[in-house]
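Here's the structure we're looking at; comments come further down.
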Amino acid sequence: MFGYYLELALRSLKRSKALTALMVLAVAMGIGACMTTLTVLYVVSGDPIPAQSSRLFYPQLEPRDEDNGFYDRGEPPLQLSWRDAMALANAKRADRQAVMTGGMGPVQPANSAQDPFFVHARYTMADFFPMFDVPVKYGHAWSAAEDQSRERIAVISATLNDKLFHGEDSTGRTVRYNGADLRIVGVLDPWRPHPHFYDLNYDSYAESEDIYIPLGTARDIRGQRAGSRDCWGKGGKVEEDSLETANCTWVQLWVEIDDPVKVAGYKAFLTHYSDEQRATGQFRLPTNVRLRNVNEWLDFNQVVPKDVHIQVWLALGFFVVCLVNTVGLMLAKFMRRSAEVGVRRALGASRGAVFAQLVTEAGIVGVAGGLGGVVLALFGLWMVRKQPDAYASLAHLDLTMLAATIAMAIVATVVAGLLPAWRACQVTPALQLKTQ
Amino acid sequence: MNLQIKPILTALRRHKSGTILIALQIALTLAIVCNALFIVHQRVERVHRPTGLDETNLITVQNRYVGKPDTFIPLMKTDVATLRNIPGVESAYVTNAFPLRRGGWSTGIQTEPDKTKDSLPSALYFVDEQALATLGVKLLAGRNFNPSEVVTVGPQTTPAPAQVIITKAIADKLFPKGDALGKTLYYAKGKPSTVIGIVAKLTVPWIDFDHMDNVTLMPVRFDSGYQQFLVRTKPGQQDNVFKAIPKALYASNRMRVLPEKTGIRTFETIRAAAYEADRGMAILMTVVCAVLLTITAAGIVGLSSFWVGQRRKQIGVRRALGARRSDILGYFLTENFLIALGGVIVGTMLALGLSQWMLKYFEMPRVSFTYVAVGVLLLLVLGQLAVFAPALRASKVSPVEATRA
């Protein structure tokens with residue numbers, strides 16, 4: 001029966017080509033616009049680290065002596081001071097913990113024909129790698145002992161390894177960063193969590209760093225920082241070399257807490273630490289601690305650009321208009337065939353059969369519109385990738401979105417076809433035959 | 001032409017779904033189009049926001065030195081001299097930031113030495129005596145810096161030179177009486193800076209900032225391995241100078257990185273890059289509006305054609321009873337006008353509702369009434385244009401149709 005409906009539908013669609021084309025085009029454009037913007041939203045608001053995100057937390061403290069107006073919303077500073085971060089990390093109250101900060105510096109290739117270039121760096125601790133599931137291709141990450149002894153070592157990204165060593169196993173060789181020779185202990189597989197959740201100072205959708213260096217080592221070789229630094233109090237002149245003791249927040253601490261029950265305990269620990277600091281006069285402002293997990297942290301920082309949301313709503317509105325348009329056109333198309341429907345009804349076709357046939361016709365428009373929509377979405381995403389935003393390069397249609405696109409087109413047009421089909425079925429056969 | 005509104009309404013009652021669909025489509029289109037065009041308007045306004053600079057014949061150079069000498073100051077001085085010596089260069093200086101660079105330094109200004117609260121935010125530009133000429137910024141009052149006033153400041157230290165030049169925006173906020181010249185400001189605790197000049201307008205490096213016009217020029221040479229040079233060329237010399245800059249800089253010192261794409265740029269490029277996302281959004285919105293209007297027009301054509309086809313007989317009867325062609329044409333035009341009118345009334349409410357919602361969730365300004373009015377007019381005209389062809393066809397129906405079965 002379905003085959004017969006299909007044949008009838010195709011024949012009917014062929015009869016009014018302009019109208020059919022208009023319907024397919026409207027559905028395709030609506031679907032294309034929706035899928036383009038939804039894919040971008042899906043890419044930018046995705047969980048950067050789904051396996052771990054509910055177990056990773058970002059502690060914040062209020063360490064200042066008086067409010068200098070730099071922060072508002074009653075929130076503690078976005079980063080920690082070296083003193084506090086180290087105290088919290090060394091207490092080892094979480095399953096894993098790593099203090100970190102961003103950096104930037106020149107890499108001088110051993111091959112003198114190659115010009116020096118600048119890379120983004122991350123100065124961090126051993127737990128960074130297991131905590132964030134960083135994939136290591138060659139060698140291994142460093143150990144806590146190597147953190148302690150401030151070894152001159154580094155882990156480099158796949159990109160940097162390709163650039164310096166043509167993708168070979170470069171462990172044991174040296175990389176000259178910021179004027180210091182560092183022994184490569186590990187090489188990573190391509191790794192780019194997006195958003196760049198663990199440090200949002202640079203760009204929320206920045207690429208991962210190219211070189212990872214133990215935090216202590218980075219301080220020894222005077223690695224340049226790339227991030228924000230906020231100072232308070234009567235320190236006055238703060239030198240970059242004495243940041244460890246300065247009243248400045250400039251490092252981030254991430255902790256992993258595997259047991260959800262222990263999260264409250266960790267927060268109590270933060271409160272306790274803060275109270276203690278207030279008792280010694282180090283902290284002056286009321287205790288104000290935060291312990292957000294990855295997704296709470298991203299929400300708090302509103303990393304998803306506002307324009308992306310506006311575009312999604314615009315596309316949805318556009319799609320609704322396209323659908324209303326399609327309903328109107330289908331109504332016209334189906335009602336025009338009242339006579340044909342009358343004949344079929346008089347010859348014994350049930351209302352249900354006529355209805356099913358008309359809905360099949362709507363479905364075909366949906367399939368064609370869906371396919372057209374995929375083409376338009378691919379084109380739309382290609383346009384998005386040409387945009388300057390850091391997240392633009394991530395905008396690709398994956399299989400889930402592809403299937404969703406076609407499914408959405410079919411469902412939407414079938415729903416759009418219901419009213420016209422129902423109206424067309426209401427035809428009284430006798431009346432239609434009489435007017436012929 | 002007398003309008004036959006009553007019979008039209010009676011006829012429309014017999015085509016409820018079609019009427020409602022067209023009206024609904026017009027309403028939604030109006031709501032989306034006037035809000036989208038309003039966003040376009042805002043973005044276009046942003047893209048053309050003035051910086052206070054004379055943006056022609058201005059070239060920016062982004063430079064990083066490789067290596068870690070004790071101080072970068074001699075290297076910077078050599079580079080500035082090298083740039084000033086390139087034929088076709090009018091003036092040049094070294095700085096940390098400039099308008100539309102999207103990266104820079106801001107601090108709070110105080111009018112009392114020890115106050116820490118309620119400071120007025122200001123962007124800081126480190127300059128020398130050639131900066132005003134290079135930027136093309138005019139002094140409203142006071143004087144320019146002397147070369148002898150330029151001081152060296154170490155890395156990551158808050159600079160607080162003895163003299164500063166501020167924008168009129170800061171002067172007006174801190175000294176509403178207009179007597180800012182010669183007053184003392186504090187950029188660091190307990191370190192006074194005297195206002196020696198006021199410039200009319202100069203914007204901060206960022207494109208989203210609460211105080212776009214709060215800028216302080218400081219006679220400072222900032223000791224850092226990373227800096228920007230600004231170069232003003234003589235008219236007609238921009239292309240030559242653009243090509244000469246990398247050669248001259250590399251010839252004087254190879255231990256540097258001038259990033260491939262962002263190393264040397266004209267100010268036009270800087271402006272285009274700064275507002276690329278806004279321009280993209282404006283283009284997207286415009287395209288969507290155009291497509292939306294086309295689709296709505298096509299929908300009106302489709303449904304009206306169907307109605308005309310359905311009523312051929314009635315039209316024939318009316319013609320046979322003495323109605324002129326213009327009466328039939330008028331009938332369909334009026335019918336469409338009534339439907340569109342219903343649509344735009346609902347659409348206006350939807351548009352205002354949508355605007356209210358965007359105000360709440362996206363902190364966007366409320367859509368201006370002009371835009372709604374223009375949108376209403378646009379859709380009414382569009383409806384009339386779209387219905388004209390089917391209506392014309394209807395008016396050509398012969399009275400003979402009345403006699404056909």
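The values are calculated or read from the model by the stated rules, or taken from the named source; none is laboratory data. Computed from a predicted structure; not experimentally measured. Note: ideal-geometry Cβ built from the backbone for every residue, glycine included; neighbour counts use all protein chains shown.
Mind checking which residues of the stretch A:43-74 are modelled with pLDDT of 85 or more and either within 14 Å of chain B (Cβ to nearest Cβ) or touching a strand residue (DSSP E or B) at 6+ places or on another chain (Cβ under 8 Å) (or both)? Show your work before the answer.
Just the residues of the stretch A:43-74 that are modelled with pLDDT of 85 or more, to begin with: A:47-63.
Hits for the stretch A:43-74 are A:Ile49, A:Gln52, A:Ser53, A:Ser54, A:Arg55, A:Leu56, A:Phe57, A:Tyr58, A:Pro59, A:Gln60, A:Leu61, A:Pro63.
Among the numbered criteria (1) buried (at least 19 other Cβ atoms within 10 Å of the Cβ); (2) under 30 Å from A:His309 (Cα atoms); (3) of a type in the set (Ser, Thr, Tyr), which one does B:Ser368 miss?
Of the numbered conditions (1) buried (at least 19 other Cβ atoms within 10 Å of the Cβ); (2) under 30 Å from A:His309 (Cα atoms); (3) of a type in the set (Ser, Thr, Tyr), the odd one out for B:Ser368 is (1).
What's the total number of residues in the stretch B:289-305 that are touching a Phe, Trp or Tyr at 6+ places or on another chain (Cβ under 8 Å) and either surrounded by 22 or more Cβ atoms within 10 Å (Cβ to Cβ) or within 9 Å of B:Arg43 (Cβ to Cβ) (or both)? Break it down into steps so the answer makes sense when it comes.
First, pick out the residues of the stretch B:289-305 that are touching a Phe, Trp or Tyr at 6+ places or on another chain (Cβ under 8 Å): B:291-292, B:304.
Subsequent filtering for residues that are either surrounded by 22 or more Cβ atoms within 10 Å (Cβ to Cβ) or within 9 Å of B:Arg43 (Cβ to Cβ) (or both) retains B:292, B:304.
Residues flagged as touching a Phe, Trp or Tyr at 6+ places or on another chain (Cβ under 8 Å) and either surrounded by 22 or more Cβ atoms within 10 Å (Cβ to Cβ) or within 9 Å of B:Arg43 (Cβ to Cβ) (or both) within the stretch B:289-305 amount to 2.
Listed here are the residues, each with its yes/no results for (1) in the same structural domain as A:Ala145 (by the TED database); (2) aromatic (Phe, Trp, Tyr); (3) under 30 Å from B:Arg64 (Cα atoms).
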position	(1), (2), (3)
A:Ala28	no, no, no
A:Ser54	no, no, no
A:Gly74	yes, no, no
A:Lys92	yes, no, no
A:Gly103	yes, no, yes
A:Pro106	yes, no, yes
A:Gln114	yes, no, yes
A:Phe118	yes, yes, yes
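Does at least one position in the stretch A:36-51 carry a residue that is of a type in the set (Phe, Trp, Tyr) and under 30 Å from A:Gln357 (Cα atoms)? Outline the logic, then answer.
Step one: filter the stretch A:36-51 for residues of a type in the set (Phe, Trp, Tyr), giving A:42.
With under 30 Å from A:Gln357 (Cα atoms) added as a condition, the list becomes none.
No, the stretch A:36-51 contains no residue that is of a type in the set (Phe, Trp, Tyr) and under 30 Å from A:Gln357 (Cα atoms).
Please pick out the residue among B:Val94, B:Val33, B:Val61, B:Val44 that is touching a residue at least 40 places away in the same chain (Cβ under 8 Å) and farther than 29 Å from B:Gly280 by Cβ. Write out each step before concluding.
On the way: B:Val33 fails: farther than 29 Å from B:Gly280 by Cβ; B:Val61 fails: farther than 29 Å from B:Gly280 by Cβ; B:Val44 fails: farther than 29 Å from B:Gly280 by Cβ.
Result: B:Val94 is the single residue among B:Val94, B:Val33, B:Val61, B:Val44 that is touching a residue at least 40 places away in the same chain (Cβ under 8 Å) and farther than 29 Å from B:Gly280 by Cβ.
One line per residue, one yes/no per condition, for (1) aliphatic (A, V, I, L, M); (2) in a helix (DSSP H, G or I):
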position: A:Ala349; (1), (2): yes, no
position: A:Ala353; (1), (2): yes, yes
position: A:Leu358; (1), (2): yes, yes
position: A:Ile364; (1), (2): yes, yes
position: A:Val367; (1), (2): yes, yes
position: A:Leu371; (1), (2): yes, yes
position: A:Val375; (1), (2): yes, yes
position: A:Leu378; (1), (2): yes, yes
position: A:Trp382; (1), (2): no, yes
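Restrict the check to the stretch B:303-326 and report whether at least one residue is within 39 Å of the chain's Cα centre (by Cα), more than 11 Å from chain A (Cβ to nearest Cβ) and on the phi < 0 side of the Ramachandran plot.
Taking every residue of the stretch B:303-326 in turn, none turns out to be within 39 Å of the chain's Cα centre (by Cα), more than 11 Å from chain A (Cβ to nearest Cβ) and on the phi < 0 side of the Ramachandran plot.
Among the residues of the stretch B:259-277, is there at least one that is surrounded by fewer than 22 Cβ atoms within 10 Å (Cβ to Cβ), under 30 Å from B:Val372 (Cβ atoms), touching a residue at least 12 places away in the same chain (Cβ under 8 Å) and not charged (D, E, K, R)?
yes
What are the residues in the stretch A:321-338 that are within 15 Å of A:Ala28 (Cβ to Cβ) and at the interface with another protein chain (Cβ under 8 Å from one of its Cβ atoms), if any? Break it down stepwise before answering.
So in the stretch A:321-338, the residues within 15 Å of A:Ala28 (Cβ to Cβ) come out as A:321-323, A:325-326, A:329.
Result: A:Val321, A:Cys322, A:Asn325, A:Leu329.
Given A:Asn293, A:Asn288, which one is surrounded by fewer than 20 Cβ atoms within 10 Å (Cβ to Cβ), within 16 Å of the chain's Cα centre (by Cα) and touching a residue at least 12 places away in the same chain (Cβ under 8 Å)? I'd like the intermediate steps shown before the answer.
On the way: A:Asn288 fails: within 16 Å of the chain's Cα centre (by Cα).
Going through A:Asn293, A:Asn288 in turn, just one is surrounded by fewer than 20 Cβ atoms within 10 Å (Cβ to Cβ), within 16 Å of the chain's Cα centre (by Cα) and touching a residue at least 12 places away in the same chain (Cβ under 8 Å): A:Asn293.
Between a residue in the stretch B:345-361 that is away from every other protein chain (no Cβ under 12 Å) and any residue that is modelled with pLDDT under 95 and in a helix (DSSP H, G or I), which pairs come within a Cβ distance under 6 Å, given they are 6 or more apart or on different chains?
B:Thr348/B:Val372; B:Ser355/B:Asn35
Mind checking which residues of the stretch A:174-190 are surrounded by fewer than 17 Cβ atoms within 10 Å (Cβ to Cβ) and either away from every other protein chain (no Cβ under 14 Å) or at pLDDT 90 or above (or both)? Steps first, answer last, please.
Step one: of the stretch A:174-190, the residues surrounded by fewer than 17 Cβ atoms within 10 Å (Cβ to Cβ) are A:174, A:176, A:179, A:181, A:183, A:189-190.
Answer for the stretch A:174-190, where residues must be surrounded by fewer than 17 Cβ atoms within 10 Å (Cβ to Cβ) and either away from every other protein chain (no Cβ under 14 Å) or at pLDDT 90 or above (or both): A:Thr174, A:Arg176, A:Asp181, A:Arg183, A:Asp189, A:Pro190.
What single numbered condition from (1) within 14 Å of chain B (Cβ to nearest Cβ); (2) within 30 Å of A:Lys262 (Cβ to Cβ) fails to hold for A:Lys306?
If we test A:Lys306 against (1) within 14 Å of chain B (Cβ to nearest Cβ); (2) within 30 Å of A:Lys262 (Cβ to Cβ), just (2) comes out false.
Name the pairs whose Cβ atoms lie under 6 Å apart, with the first residue in the stretch A:135-151 and farther than 15 Å from A:Asn161 by Cα and without any contact (Cβ under 8 Å) to a residue 40 or more places away in the chain, the second of a type in the set (A, V, I, L, M, F, W, C) and buried (at least 16 other Cβ atoms within 10 Å of the Cβ), and 6 or more positions between them or separate chains?
That search, which allows pairs on different chains as well, returns A:Ser143/A:Ala126; A:Ala144/A:Ala126.
Among the candidates B:Ile20, B:Ile109, B:Ile26, single out the residue that is of a type in the set (A, V, I, L, M) and surrounded by fewer than 19 Cβ atoms within 10 Å (Cβ to Cβ). So that I can check it myself, show each step before the final result.
Details: B:Ile109 fails: surrounded by fewer than 19 Cβ atoms within 10 Å (Cβ to Cβ); B:Ile26 fails: surrounded by fewer than 19 Cβ atoms within 10 Å (Cβ to Cβ).
Result of the check over B:Ile20, B:Ile109, B:Ile26: B:Ile20.
Restricting to the stretch B:110-142, and then to whatever is more than 31 Å from the chain's Cα centre (by Cα) and part of a strand (DSSP E or B), can you tell me which residue is nearest to B:Lys173 (Cα to Cα)?
Result: B:Gln110.
Name the pairs: first residue in the stretch B:278-304 and under 24 Å from A:Gln387 (Cβ atoms), second residue among the small types (Gly, Ala, Ser), Cβ to Cβ under 6 Å, at least 6 apart or on different chains?
Matching pairs, first to second residue: B:Met285/B:Ala36; B:Cys289/B:Ala36.
Looking only at the stretch B:91-99, decide whether some residue is buried (at least 19 other Cβ atoms within 10 Å of the Cβ), of a type in the set (Val, Ile, Thr), modelled with pLDDT under 95 and over 20 Å from B:Asp239 (Cα atoms).
Within the stretch B:91-99, not a single residue is buried (at least 19 other Cβ atoms within 10 Å of the Cβ), of a type in the set (Val, Ile, Thr), modelled with pLDDT under 95 and over 20 Å from B:Asp239 (Cα atoms).
Could you check the stretch A:75-150 for strands (runs of 3 or more DSSP E) lying wholly inside it with 2 or more residues that are within 14 Å of chain B (Cβ to nearest Cβ)? I'd like the intermediate steps shown before the answer.
Values: elements: A:96-108, A:117-124, A:136-139.
Filter on the stretch A:75-150 gives A:96-108, A:117-124.
Whether any residue in the stretch B:281-304 is under 26 Å from A:Met330 (Cα atoms), modelled with pLDDT under 90, not in a helix (DSSP H, G or I) and not small (Gly, Ala, Ser) is what I want to check.
no
Of all residues in the stretch B:224-256 being crowded, with 18+ Cβ neighbours inside 10 Å and within 14 Å of chain A (Cβ to nearest Cβ), which is modelled with the highest pLDDT?
Per the stated criteria, the residue is B:Leu249.
Among what's in the stretch A:103-144 and is surrounded by 17 or more Cβ atoms within 10 Å (Cβ to Cβ) and farther than 20 Å from A:Arg183 by Cα, pick the residue that is farthest from the chain's Cα centre (by Cα).
Ranking the candidates gives A:Met131 first.
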